[in-house]
Every structure is written in C-alpha cells, then in structure tokens.
Amino acid sequence: MKLVIASNNKGKIREYRELFAPLGYEVMSQSEAGLTLEVEETGTTFAENSALKARAAYEQLGCAVLADDSGLAVEALGGEPGVYSARYGGLDTDEARCRYLLEKMKDVPKDKRRAYFICTVHFIDENGRETAAEGRVYGEIGYEPRGGNGFGYDPVFMRDGKSFAEIGAEEKNAVSHRKNALDELMKKLTEK
C-alpha cells in the first residue's frame, strides 16, 4: 500500500519509512507522488492545520496520506508563537524569528522561560479513516542562540543544558515532539 507524506523533508520521509514499513506501507514524499500541495493553514490549532493538509492530499490522491504541523509554544508569552511559529513577527528567516523571540523574552526570569515544541500528525488511511495524534517535548528558552545543527527555534530551545541545535539529529529525533506524536499515532494504529 502507498502512503504519501505531505512533505518533501528528507529526514521526515526517512523516519516515516522506518515507522510505517512494518504496517505494509510504501512511504513516499509528496514530490515522489506527483502531489503539488498549496494549502492555506487557516486553522487556529496545529491539529486543524495538519488535518487541512491531510484532507487536501487525500482528496487529490485517494490513497493513504499523512500530514503534520508543528511549532513552539512559550508559556510566558501565552503560548506564542504557536501556530504562527513559521511566520512569527512577520519575519522571513529562522534567525530573525529567534532574535525576535529572544527580544520579547529579555526580561523574563529563568524560572518562567518554560516552553515546548508541539507536533500534531493527521493520518488518513486508504479507506478514508482518519487518526490524529499529538506529541510534545518540554524545555525552556535560552538567552542566546547556540549550536549549528537543526532549524527553526532549535538554537534557542534548551533541554538538559543544551540547545536542540547543539545536539545531533539522532539524539534530537529520539526525544522530539515529532517522534512523540508518531509514537502516539503508531500506538493508535496498531490498537485498531
């Protein structure tokens, strides 16, 4: 059975291949499937946005599809940047968004800098049955960008004394919000 991931991110596709192979799915990226997906993320939650993307992909392809949406939530900022993580402050680059976030956090004391990455995944099987799952990883916002790995807010997201940009992909993927969401999804799918 074919499973199309509504993404072209090679790391994500590899991770999905490993997870879905035991369930009998041949995983491919949206470009490998010939899918051009331009979905306006009008949802107010990550779950709504991942569902919008998955349903649009399923409508075009009619096979099993999976979409995700993710971002950063900072408790001291009332959950900002949240669903606007990729366009926070109207800024165009990860570096600019990190600087903007750090500026907003400059007077926030260490004990109030809690934050978490969140990921929701939305899976639609070949028969149109939908299953959603969520994962989170908790940490805090640092005081300056650190590390050269990762992307997005990884340089300012601290966990166990290191930023997500200071650890390797393997270590990050073992604890990430995406892995936690996928673990929850696999649990739901194998229980059915």
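Is there a residue in the stretch 63-71 that is among the polar types (S, T, N, Q) and in contact (Cβ under 8 Å) with a residue 24 or more places away in the chain?
Looking through the stretch 63-71, at least one residue is among the polar types (S, T, N, Q) and in contact (Cβ under 8 Å) with a residue 24 or more places away in the chain.
For the stretch 41-92, give me the residue count where each residue is more than 30 Å from Tyr143 (Cβ to Cβ) and basic (Lys, Arg).
Qualifying residue count for the region: 2.
At negative phi, touching a residue at least 60 places away in the same chain (Cβ under 8 Å) and of a type outside the set (Phe, Trp, Tyr): does that describe Asp107?
no
Step by step: first the residues of the stretch 146-164, then only those that are out of contact with any Lys or Arg (no Cβ under 9 Å at 6 or more places or on another chain) and in contact (Cβ under 8 Å) with a residue 24 or more places away in the chain, then the one that is surrounded by the most Cβ atoms within 10 Å (Cβ to Cβ). Which residue is that?
Per the criteria, the residue is Phe157.
Could you check how many residues of the stretch 105-125 are surrounded by fewer than 22 Cβ atoms within 10 Å (Cβ to Cβ) and within 23 Å of the chain's Cα centre (by Cα)?
Filtering the stretch 105-125 for residues surrounded by fewer than 22 Cβ atoms within 10 Å (Cβ to Cβ) gives 105-114, 116, 125.
Imposing the further condition that a residue be within 23 Å of the chain's Cα centre (by Cα) reduces the set to 105, 113-114, 116, 125.
Residues in the stretch 105-125 being surrounded by fewer than 22 Cβ atoms within 10 Å (Cβ to Cβ) and within 23 Å of the chain's Cα centre (by Cα): 5 in total.
When Val65 is evaluated against the numbered criteria (1) surrounded by 15 or more Cβ atoms within 10 Å (Cβ to Cβ); (2) in a loop (DSSP other than H, G, I, E, B); (3) not small (Gly, Ala, Ser), which criterion, by number, is the only one it fails?
(2)
Only one residue in Arg17, Arg55, Arg87 is closer than 20 Å to Gly152 by Cβ, basic (Lys, Arg) and under 18 Å from the mean Cα position of the chain (by Cα), so which one is that?
Working: Arg17 fails: closer than 20 Å to Gly152 by Cβ; Arg55 fails: closer than 20 Å to Gly152 by Cβ.
Of Arg17, Arg55, Arg87, the one residue that is closer than 20 Å to Gly152 by Cβ, basic (Lys, Arg) and under 18 Å from the mean Cα position of the chain (by Cα) is Arg87.
Taking the condition surrounded by 20 or more Cβ atoms within 10 Å (Cβ to Cβ) and either more than 17 Å from the chain's Cα centre (by Cα) or aliphatic (A, V, I, L, M) (or both), does Ile167 pass?
Taking the combined requirement at face value, the residue does not satisfy it.
Against the definition (over 29 Å from Arg114 (Cα atoms), in contact with a Leu (Cβ under 8 Å, 6 or more places away or on another chain), touching a residue at least 40 places away in the same chain (Cβ under 8 Å) and surrounded by fewer than 19 Cβ atoms within 10 Å (Cβ to Cβ)), how does Leu3 come out, yes or no?
Considered against the rule, which asks whether it is over 29 Å from Arg114 (Cα atoms), in contact with a Leu (Cβ under 8 Å, 6 or more places away or on another chain), touching a residue at least 40 places away in the same chain (Cβ under 8 Å) and surrounded by fewer than 19 Cβ atoms within 10 Å (Cβ to Cβ), Leu3 comes out as no.
Throughout, read-outs are computed from the coordinates displayed, never taken from laboratory work. Since we're looking at a predicted model, the values are computed, not measured. Quick reminder, even Gly has a Cβ in these numbers, built from the backbone with ideal geometry, and neighbours come from all protein chains shown.
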